[in-house]
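Beneath this line is the structure, given in structure tokens, with notes to follow.
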Amino acid sequence: MRIIIALVLCTGLALAQQGGAENQFKLMKSTSPAVRREAVRDIGRMRQPSSVNILCEALENDADFGVRAMAAEALGNMRSKEAVPSLVKALNDKNRNVRSSAIVAFGYIRDKNSVQPLVEYLKKETDLGLRLSAVNVLGVIGSDEAGPALIEMLEGQNPRLSSVAAQSLGRMRYSQAAKPLMKVAAKSKEESSRIAAIKALGEVRNPEAVKTLEELLEKEKSQDVQYALVYSLAQLGSDKGFALALDAAKSENIETKRNGIRALGLMKQKTKEIENIVIEASKSENTGLKRDAEATASYLDIKLPPPEKTPSKK
């Protein structure tokens, strides 16, 4: 009986959505841009595959930039690979908002067919914010096809582009980026770029980076760079920065403490002092710190006390 009721409800919901979609399709023909925008928003929320074509049509041809931008956003939310050709065309839209929505949509869809168009787009786009977004999305998609273009951005003159390119290369674990990343880590004058490159080397996991990072740690003066080096070295299996990681784990600064605790977990060195630090951190009200402490406790086989029960209200 319950199954029958569930089937009836599902059928009713599907019919209601179909009817709602048809009504929104009609509204797409309105002469009012505001009405068409609202219709696109509602169509996107329904996420019906049958809506893809009408959204692509709106993206390519609607006179109102708001409708085009919302159509791109809706297609991204629907994870529609069928929409990739229309979204590629949108990269040439005269309106910045439309181009921005198309780039974000590619990040949701994660289709490798969008990689080369994004690489070509980067060559001609002058808006820094959109270039940063495209570089980030290439990392999210994760195709090695984007590697050479990202290395070019990494080695460029803009520190913000260099940092985001490093993050994307690390996310992709693009092994061929190891040497360019080591160069930026060692020679860049921008601390943000150096930190991003150092963190990326930890993600890429190329053992050739260990010697470079250890040498950098010996002479580094910046505490923020030191902590980045310690964590990346820990990811690569080196405990060279153990003392610094322990100091970081004792810090009152939450982010510094988190970095230290994560590094200690990877270094697999268990002492009574570390055990006490991890147990105390596991009681923190900061969810990030608590999560890191629990992960490190698992790595080091530290038994955490059971969570305290919240007193029941009478």
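The values are calculated or read from the model by the stated rules, or taken from the named source; none is laboratory data. Everything numeric in this text was worked out from a predicted model, so none of it was measured. Glycine also receives a Cβ, built like all others from the backbone with ideal geometry; neighbour counts cover every protein chain displayed.
Worth a mention:
- Where helices (runs of 4 or more DSSP H) sit wholly within the range 26-120, those with at least 2 residues that are surrounded by fewer than 22 Cβ atoms within 10 Å (Cβ to Cβ) and modelled with pLDDT of 95 or more occupy 52-61, 65-77, 84-90, 96-109.
- Matching residues, the range 252-282, being under 15 Å from residue 303 (Cα atoms) and crowded, with 16+ Cβ neighbours inside 10 Å: 265, 270, 274, 275, 277, 278, 281, 282
- From the list 281, 295, the lone residue that is closer than 16 Å to residue 252 by Cα and at pLDDT 95 or above is 281.
- Per the listing 211, 240, the residue uniquely surrounded by fewer than 21 Cβ atoms within 10 Å (Cβ to Cβ) and either in a helix (DSSP H, G or I) or modelled with pLDDT of 95 or more (or both) is 211.
- Residue in the range 299-312 that is in the same structural domain as residue 231 (by TED's automatic domain parsing), loosely packed, with under 14 Cβ neighbours inside 10 Å and in a helix (DSSP H, G or I) present: no
- Among the residues of the range 276-296, those identified as in a helix (DSSP H, G or I), within 23 Å of the chain's Cα centre (by Cα) and either more than 19 Å from residue 266 (Cα to Cα) or aliphatic (A, V, I, L, M) (or both) are 287, 289, 293, 295.
- Within the range 125-144, residues that are on the phi > 0 side of the Ramachandran plot and touching a residue at least 12 places away in the same chain (Cβ under 8 Å) have Cβ atoms under 9 Å from residues that are buried (at least 20 other Cβ atoms within 10 Å of the Cβ) and part of a helix (DSSP H, G or I) in these pairs: 142/168; 142/172, counting only partners at least 6 apart in sequence or on another chain.
- Number of the condition not met by residue 189 [criteria: (1) within 28 Å of residue 241 (Cβ to Cβ); (2) surrounded by 14 or more Cβ atoms within 10 Å (Cβ to Cβ)]: (2)
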